[in-house]
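Single-structure report; data block below.
The values are calculated or read from the model by the stated rules, or taken from the named source; none is laboratory data. Predicted, not measured: the structure shown is a model, and the values here were computed from it. Reconstructed Cβ throughout: ideal geometry from the backbone, glycine too, with neighbour counts over all protein chains shown.
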Protein chains: 2
Amino acid sequence: MQKMNSKNKIFIDKLRSSGLRPTNQRVEISKFLFNRKKTFHFTVEQLKNSMNLKRSKKISTATFYNTVHALKSAGYLKEFSLENNTSYYDTNVTSHHHFFDNGKVIDIKSDKITFQKLPEAPKGKKIKNVEVVIRLENNN
Amino acid sequence: MQKMNSKNKIFIDKLRSSGLRPTNQRVEISKFLFNRKKTFHFTVEQLKNSMNLKRSKKISTATFYNTVHALKSAGYLKEFSLENNTSYYDTNVTSHHHFFDNGKVIDIKSDKITFQKLPEAPKGKKIKNVEVVIRLENNN
DNA sequence: AATTACTTTATAATTATTCTAAAGTATGTG
DNA sequence: CACATACTTTAGAATAATTATAAAGTAATT
């Protein structure tokens, strides 16, 4: 019994267009992810912990995974990986790049990197996107 | 009791300089990884399967993980991740880039990509390396 | 209101990886 | 070259992230 006020419409729409019924749990997840000024990065575990901390009735792990996957497949989240066997998600789905600094991730706006030369895609393929990772280390 | 012929010296040296005694198992892993014309990509599971297939006495999982980690820490292997929570290793440790095509990885020589513009590292940090991933999709 | 379809949940299963502890092998010292 | 010490290997247990399962709940359709 979702109270379908216009305030939530945008979050509900993301769910619907991801093929998900806008249940209470899902709407809360969608709001938590997208109802903010700045984009951010998270793991499912982090998302679950920060949302469930404030809740008396916890949302289950499976619901977090299902919802995040559907949102990702629909293009509302972008997945990336570091070298620790964990999936990270980014609410910034526009093409952009990253600094990786010992497990910390910092966005780089797309226009901060431009190419002089790029290879062509192999035959029968085309380029979906180009992502740059700049690994940092301490300056000493 | 390693038979220390000059044929294996290069593989043994990689182990030694990774802080590992050149035991039989390790020398075989080192040879399997580095005794080839072309560099290649692998997961520990793939490495284990392909090496153990031909062996009567199997090398244990832990030995594969230990050896790969030491070689990686010493800089003889490069680690990278796809979106499937598995670590991949690359015997090509020179700076280079990748095509990712549905889980398949293809090397791109470093000189095939050049930059017109790159951001500066945040204060107190410096750039360790820059890696580009070009994601491919089918052309239709 | 009844039927059908989709969700949530707790829990089990799976996968990749790391840990542990016992048994094996090598190295160093005298 | 014997013995003590140190490092290795191994099988199996433990852990972490994720996915699968199946029962109970909720929503949508007739």
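Here B:Gly75 fulfils each of the conditions (1) touching a residue at least 40 places away in the same chain (Cβ under 8 Å); (2) part of a loop (DSSP other than H, G, I, E, B); (3) among the small types (Gly, Ala, Ser) apart from (1). The residues in region A:52-79 that are more than 9 Å from DNA strand C (Cβ to nearest atom) and crowded, with 18+ Cβ neighbours inside 10 Å can be counted, and the count is 6. As a summary of the residue check, B:Glu79 satisfies the conditions (1) within 19 Å of A:Asn84 (Cβ to Cβ); (2) within 14 Å of chain A (Cβ to nearest Cβ); (3) within 16 Å of DNA strand D (Cβ to nearest atom) except for the one numbered (3).
Candidates A:Ile29, A:Ile106, A:Ile59, A:Ile113: the one that is in contact with a Pro (Cβ under 8 Å, 6 or more places away or on another chain) and modelled with pLDDT of 95 or more is A:Ile113.
Screening A:Asn85 against (1) on the phi < 0 side of the Ramachandran plot; (2) within 15 Å of DNA strand C (Cβ to nearest atom) leaves a single unmet condition, (1).
Here the condition is being more than 28 Å from B:Thr43 (Cβ to Cβ), within 15 Å of DNA strand D (Cβ to nearest atom) and not small (Gly, Ala, Ser); of A:Asn35, A:Asn85, A:Asn8, it holds for A:Asn8 alone. Of the residues contained in region B:35-46, one or more are found to be aliphatic (A, V, I, L, M) and in the same structural domain as B:Gln25 (by TED's automatic domain parsing). When A:Ile134, A:Ile113, A:Ile127, A:Ile108 are screened for being within 15 Å of A:Lys78 (Cβ to Cβ), surrounded by 12 or more Cβ atoms within 10 Å (Cβ to Cβ) and aliphatic (A, V, I, L, M), only A:Ile108 passes.
Cβ-Cβ contacts under 7 Å between residues 6 or more apart (or on different chains), taken from a first residue in region A:29-46 that is closer than 22 Å to B:Glu83 by Cβ to a second residue that is outside any loop (DSSP other than H, G, I, E, B) and of a type in the set (Lys, Arg), are listed as A:Ser30/A:Lys14; A:Phe34/A:Lys14.
Here the condition is being within 17 Å of B:His96 (Cα to Cα) and more than 7 Å from every other protein chain (Cβ to nearest Cβ); of A:Glu131, A:Glu120, it holds for A:Glu120 alone. On the basis of being surrounded by fewer than 13 Cβ atoms within 10 Å (Cβ to Cβ) and either more than 7 Å from chain B (Cβ to nearest Cβ) or not in a strand (DSSP E or B) (or both), does A:Asn92 make the cut? The answer is no for A:Asn92. No other residue among B:Lys117, B:Lys104 is basic (Lys, Arg), within 30 Å of B:Lys31 (Cβ to Cβ) and outside the structural domain of B:Arg21 (by TED's automatic domain parsing) apart from B:Lys104. Could you please give the count of residues in region A:17-65 that are among the basic types (Lys, Arg) and under 21 Å from A:Thr94 (Cα atoms)? Matching residues across region A:17-65 total 4.
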